[in-house]
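Here the structure comes first, spelled out in structure tokens, and everything after it is commentary.
The values are calculated or read from the model by the stated rules, or taken from the named source; none is laboratory data. Source: prediction; values computed, not measured. Counting neighbours? That spans all protein chains shown, and the Cβs are built from the backbone with ideal geometry, glycine included.
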């Protein structure tokens, strides 16, 4: 019987761990989902902290999942996870009844569930919780080594969160993921004369710099992005700098005149979806998204840009996809190995 209880707890833990990892991997996207929750529940005053709250919640969810899998502090974890599931289920029932046009965000951008599917998922987790922890007095004790395995997993999850906060998602599940073929209706932007020039992103090799929060672009950020734009242009790339602003506003921000020659204007949410980094770069070849970089690791080296230009775009795309897939799968397998086998 205790073995069956542990299996139920482990399955529940796996769901929470995977859900937490997928949300931690994309802090910007998780913040957008939290914005929608705050808007629906009339908690707009919390919007400035939505990204912090979303990532903190995702970390707690993943740590709770790791604790359920390893079996540490069983009674305490049972109580905390039970409270969390009651909270999840109550909100889902309310959303199912009200039926607002929003995604639950349970698994980040990787899996989209409607309210009925989310409710079914939570009811299954509730049933697993009951099977795993009732009665609370007969949960057994873990081996001491399990506290070590949980600690290793917890440290790894915190480091993964820090990596995600400083980078772009290791795996991209948005509508602008690498490999996507763009057309003139997919990504819209306009020039200083308010003429839509979407076709500029569809022809040849394009380095598209996107800044969804130009107000946070100081002198250092502007100089770095300008240097990249000049180098990319010199290496034969078409450079586009897309910002969320208006032509009149951008002229008042004191941007480098060189950068202004590459500047166009787009929608905030669309640019946040295109590249999660504020000042990130997206490489597009003949309308196909090939690769993305975060602001902190732009390919500013001429040698890197020259090498990139000399390679077939599809080779660049596949090499990057294989690497990120291997890294993400390796990380998740490492976590499960530590929690289940150690």
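Results for (1) in contact (Cβ under 8 Å) with a residue 40 or more places away in the chain; (2) farther than 20 Å from residue 22 by Cα; (3) over 17 Å from the mean Cα position of the chain (by Cα), shown as yes or no for each residue.
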| position | (1), (2), (3) |
| --- | --- |
| 273 | yes, no, no |
| 287 | yes, yes, yes |
| 290 | yes, yes, yes |
| 306 | yes, yes, yes |
| 339 | yes, no, yes |
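Quick one: which residue in 93, 134, 124 is surrounded by 12 or more Cβ atoms within 10 Å (Cβ to Cβ), over 23 Å from the mean Cα position of the chain (by Cα) and closer than 20 Å to residue 35 by Cα?
Sole residue among the options that is surrounded by 12 or more Cβ atoms within 10 Å (Cβ to Cβ), over 23 Å from the mean Cα position of the chain (by Cα) and closer than 20 Å to residue 35 by Cα: 93.
Name the single residue, out of those in segment 191-222 being in a strand (DSSP E or B) and buried (at least 16 other Cβ atoms within 10 Å of the Cβ), that is modelled with the lowest pLDDT.
In this case the residue turns out to be 211.
For segment 302-342, how many residues meet the condition of being closer than 25 Å to residue 226 by Cβ, loosely packed, with under 14 Cβ neighbours inside 10 Å and in contact with a helix residue (DSSP H, G or I) (Cβ under 8 Å, 6 or more places away or on another chain)?
Adding up the residues that qualify gives 1.
In segment 112-136, how many residues are touching a residue at least 60 places away in the same chain (Cβ under 8 Å) and outside any helix (DSSP H, G or I)?
Going through segment 112-136 one residue at a time, the tally reaches 1.
Among the residues of segment 1-49, how many are surrounded by fewer than 18 Cβ atoms within 10 Å (Cβ to Cβ), closer than 30 Å to residue 339 by Cβ, without any contact (Cβ under 8 Å) to a residue 40 or more places away in the chain and in contact with a helix residue (DSSP H, G or I) (Cβ under 7 Å, 6 or more places away or on another chain)?
So the answer is 0.
Does residue 149 satisfy being over 28 Å from residue 290 (Cβ atoms), touching a residue at least 24 places away in the same chain (Cβ under 8 Å) and crowded, with 17+ Cβ neighbours inside 10 Å? Working first, answer last.
Details: over 28 Å from residue 290 (Cβ atoms): yes; touching a residue at least 24 places away in the same chain (Cβ under 8 Å): yes; crowded, with 17+ Cβ neighbours inside 10 Å: yes.
Here the answer is yes, as residue 149 does meet what is asked.
From (1) in a helix (DSSP H, G or I); (2) buried (at least 18 other Cβ atoms within 10 Å of the Cβ); (3) in the same structural domain as residue 296 (by TED's automatic domain parsing), pick out the condition that doesn't hold for residue 161.
With (1) in a helix (DSSP H, G or I); (2) buried (at least 18 other Cβ atoms within 10 Å of the Cβ); (3) in the same structural domain as residue 296 (by TED's automatic domain parsing) applied to residue 161, the lone miss is (3).
Table: residues versus (1) part of a strand (DSSP E or B); (2) over 17 Å from residue 214 (Cβ atoms).
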site	(1), (2)
232	no, yes
241	yes, no
258	no, no
276	no, no
300	no, yes
307	no, yes
314	no, yes
318	no, yes
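Criterion first (loosely packed, with under 13 Cβ neighbours inside 10 Å, assigned to a loop (DSSP other than H, G, I, E, B) and in contact (Cβ under 8 Å) with a residue 24 or more places away in the chain) does residue 141 satisfy it?
Working: loosely packed, with under 13 Cβ neighbours inside 10 Å: yes; assigned to a loop (DSSP other than H, G, I, E, B): yes; in contact (Cβ under 8 Å) with a residue 24 or more places away in the chain: yes.
Yes: the conditions hold for residue 141.
Any residue in segment 262-277 that is buried (at least 16 other Cβ atoms within 10 Å of the Cβ), in contact with a helix residue (DSSP H, G or I) (Cβ under 9 Å, 6 or more places away or on another chain) and under 19 Å from residue 301 (Cα atoms)?
Looking for residues that are buried (at least 16 other Cβ atoms within 10 Å of the Cβ), in contact with a helix residue (DSSP H, G or I) (Cβ under 9 Å, 6 or more places away or on another chain) and under 19 Å from residue 301 (Cα atoms), one finds none in segment 262-277, hence no.
Which of (1) touching a strand residue (DSSP E or B) at 6+ places or on another chain (Cβ under 8 Å); (2) surrounded by fewer than 21 Cβ atoms within 10 Å (Cβ to Cβ); (3) over 24 Å from residue 199 (Cα atoms) does residue 285 not meet, given it meets every other one?
Looking at each condition in turn, residue 285 falls short on (3).
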